[in-house]
Amino acid sequence: MTRILSLHGHPTDPAEFDRYYREVHTPLVQRIPGVRNIRFGRVVRTEDGSPPPFYLVSDVYFDNRQALDAAQATPEMAAALADVPRFASGGVTIMICDYEDFPPMPNQRPDEPTSR
């Protein structure tokens, strides 16, 4: 599968960012042909306790790169991309990623070596 990964910096007005993201931007993304899933979440902390470098992380999933390529040629994708500067006051980094899923290994103790 393929996804668009967006890393949103801290907005100048978090409440307005949240409202706009949910009410305006997400519906635009939902209309893009070929989208299989949309996932986003606010960054709540870093492992080392330092300030989080991002405010929100979002993923838009497609079956494969061909589906993403086809979507990129649509007016719906153009509208969603054109909308980003309207709310991303903290900046945004957008990346295209291929990904694989790995299930957890059942009943493995932390001291056991992993093998497949």
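Any read-out appearing in this document is the output of simple, stated calculations on the displayed coordinates, not a laboratory observation. Bear in mind that the values here come from a model prediction, so they are computed numbers and not experimental data. Reconstructed Cβ throughout: ideal geometry from the backbone, glycine too, with neighbour counts over all protein chains shown.
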query: Which ³J(HN,Hα) values in Hz, rounded to whole numbers, follow from the phi angles of the range 91-96 under the Karplus curve 6.51 cos²θ - 1.76 cosθ + 1.60, where θ = phi - 60° and Gly and Pro get x?
result: x, 8, 10, 10, 10, 9
message: Restricting to DSSP loop positions (anything but H, G, I, E, B) with no more than 14 other Cβ atoms inside 10 Å of their own Cβ, which trypsin sites (Lys or Arg not before Pro) remain in the range 1-100?
response: ARG31, ARG36, ARG45
task: Hey, can you grab everything whose amide H is under 5 Å from the amide H of VAL92? Only 5+ residues off in sequence or another chain; H modelled, so Pro and N-termini drop out.
output: GLY9
- prompt: So which GluC sites (Glu not before Pro) in the range 17-116 end up in coil per DSSP with only 14 or fewer other C-beta atoms within 10 Å?
  reply: GLU47, GLU100
- request: Enumerate the calculated ³J(HN,Hα) couplings along the range 64-81 in order (Karplus 6.51 cos²θ - 1.76 cosθ + 1.60, θ = phi - 60°), each rounded to whole Hz, writing x wherever the residue is Gly or Pro.
  value: 6, 5, 4, 5, 5, 4, 5, 5, 5, 8, 9, x, 5, 5, 4, 5, 5, 5
- prompt: Given springs between every Cα pair under 10 Å in a Gaussian network model of the chain, which of VAL29, VAL57, VAL44 has the largest fluctuation?
  reply: VAL44
